[in-house]
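Asks: Sharing a structure below in structure tokens format, with a few things to ask.
The values are calculated or read from the model by the stated rules, or taken from the named source; none is laboratory data. Keep in mind it's a predicted model, so treat the numbers as computed, not measured. Remember, those area values only see protein heavy atoms, side chains included, never the ligands or the DNA or RNA. Shrake-Rupley method; radii C 1.70, N 1.55, O 1.52, S 1.80 Å.
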Amino acid sequence: MGYYIGKQKNNLFIKYILTMMPYFKKYKTHIFFVKLFSALLAAANLISPTLNRFLVDKIFAVQDKNLLIKILILLCLAFITIALINILNSYIMAKLTANLNYKIKMDFFNKLQQTSLVFHVSKKSGEIQYRMFYDTELLVDYFLKLIINMPMYMFWIILVAILMYRWSPILMSLVV
């Protein structure tokens, strides 16, 4: 029985993916840029710890003030760059989410308009509409997290592991 339920859940997941894919094909470029900016953010967020390590290891030991000023300027530029990329990424993601929600809701609304009067009289169509419009936002949010956030989290973990290994394999083994 457990095997059947697991297989049924896999089939539902595959149906969900196949249902959502046609909506996302139109927005391939948006998704590409969101993934690109997310990867840039993941890499850019490693600049600050790297520069701070450099500050502690090299500059404070030598006490070179000129190099310290250059590193601090680089840190400021890194933070500004991260903020700008984050704003642009958030804008594209919000636009993508809004467009996908609108498209799916309009498709549902058009299908609902084509139903007969008997359907609306015999069913509680207002409740169905409310639930579908609310659930659509959840479906889009989940799918975006699935195709954008999950790969980026994996990328972030790999980047951090590589950076930690380059700094100190012994300390990395303690963390992992």
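Asks: Could you give the accessible area per residue of region 3-110, probe 1.4 Å, as a whole number in Å²? If you can, show how the numbers build up before the last one.
Replies: Values: 7430 Å² over 108 residues.
For region 3-110, the solvent-accessible area averages 69 Å² per residue.
Asks: Run the accessible area of the chain with a 1.4 Å probe and give the carbon-and-sulfur part as a rounded percent.
Replies: Details: 8910 of 12850 Å².
Roughly 69 percent of what the probe reaches on the chain is carbon or sulfur.
Asks: A further question on this structure: Taking only Cα atoms, what is the 0 to 90° angle, nearest 10, from helix 65-113's long axis to the longest principal axis of the chain?
Replies: That works out to roughly 0 degrees.
Asks: Taking a 22 Å limit on the Cα-Cα distance, which of the listed pairs 28/95; 28/111; 15/35; 35/111; 15/103 fall beyond it? Show your work: numbers first, answer last.
Replies: Numbers: 28/95 13 Å; 28/111 25 Å; 15/35 24 Å; 35/111 32 Å; 15/103 19 Å.
Over 22 Å apart, Cα to Cα: 28/111; 15/35; 35/111.
Asks: A further question follows. Enter the per residue convex hull volume of the chain, computed from alpha-carbon coordinates, in Å³ rounded to the nearest integer.
Replies: Details: hull volume 29.4 nm³, N = 176.
That works out to 167 Å³ per residue.
Asks: From the helices alone, meaning DSSP H stretches of at least four residues, give me the mean residue ellipticity at 222 nm for the chain, per-run term -39500 (n - 2.57), in deg cm²/dmol to the nearest 500. Could you put the intermediate results ahead of the total?
Replies: Details: 8 runs with 149 residues, N = 176.
Calculated from helices alone, the mean residue ellipticity at 222 nm is -29000 deg cm²/dmol.
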